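Below is one structure, written out as structure tokens, with a few remarks after it.
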Amino acid sequence: MRHSFRALAIVAAIAATPVAFAQDNTTNDSGAPKRFSVVGGYAHMVPKSNPGTLAGQSADLDGSGAPTLSGTWHVDENWAVELWGAADKFDTDVNLPNGAHGKLKQQPVAVSGQYHFGHASQPIRPFVGLGYYESNIDQEHFDPSVAGANHVGFDTPKGPMATVGADFNITDRVFARADARYLKGDAEANIGGVPAGELQMDPWVVGVGVGARF
């Protein structure tokens, strides 16, 4: 986790560097096209309401925030391929109608294709993306009333991810970003290795960040 926040601090330091705003964001200092960008940020995960059942009871999920990192290869001025993920784990609370409570951690990672509208020199550039994600779930802890001494486990949710966002140019190299991602995936639950329900995680992940182009 220490390394994650160190990476975010480096990106934030880049953003604080006074650089004159340039109209052309398409090339680097040597005149070659800028093909890569990195973004460090923070996002909040909002799981689906009424996601399903656990141990025969309807479950309710509460999300949390975590730092995120992404790296993007820009094929050209509009098309790009992004690798995105949580730099740390999102906490998810699981609440059941009988008052029982549980907690798990999940850490999604995704690859997606993106289309950035307009030109790189625009002050604001919206973009959309579509890709695939997987979210590792671990550190599950539940009240004994849920499963006694048995372990409550979850399969890895995986599936499509849709993204919508916008970049706000600060300089020719540095930009701010706001985005929202929808992750579609189910996680089958088991208690002591026996099937015990399924949760449709399907969270929205809403975040902001600071990026740099190279």
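The values are calculated or read from the model by the stated rules, or taken from the named source; none is laboratory data. In this text, all values refer to a predicted model and were calculated from it rather than measured experimentally. Just the protein is used for accessible areas: all its heavy atoms, side chains included, with ligands, DNA and RNA removed. Shrake-Rupley method; radii C 1.70, N 1.55, O 1.52, S 1.80 Å.
For the range 102-159, name all the residues that are open to solvent by less than 10 Å² (accessible area, probe 1.4 Å) and among the β-branched types (Val, Ile, Thr).
152
Given the condition over 10 Å from the mean Cα position of the chain (by Cα) and not in a strand (DSSP E or B), answer yes or no: does some residue in the range 79-87 qualify?
no
Going by the conditions given, is residue 198 farther than 18 Å from residue 79 by Cα, modelled with pLDDT under 95, part of a strand (DSSP E or B) and open to solvent by 60 Å² or more (accessible area, probe 1.4 Å)? Working first, answer last.
Details: farther than 18 Å from residue 79 by Cα: yes; modelled with pLDDT under 95: yes; part of a strand (DSSP E or B): yes; open to solvent by 60 Å² or more (accessible area, probe 1.4 Å): yes.
Taking the combined requirement at face value, the residue satisfies it.
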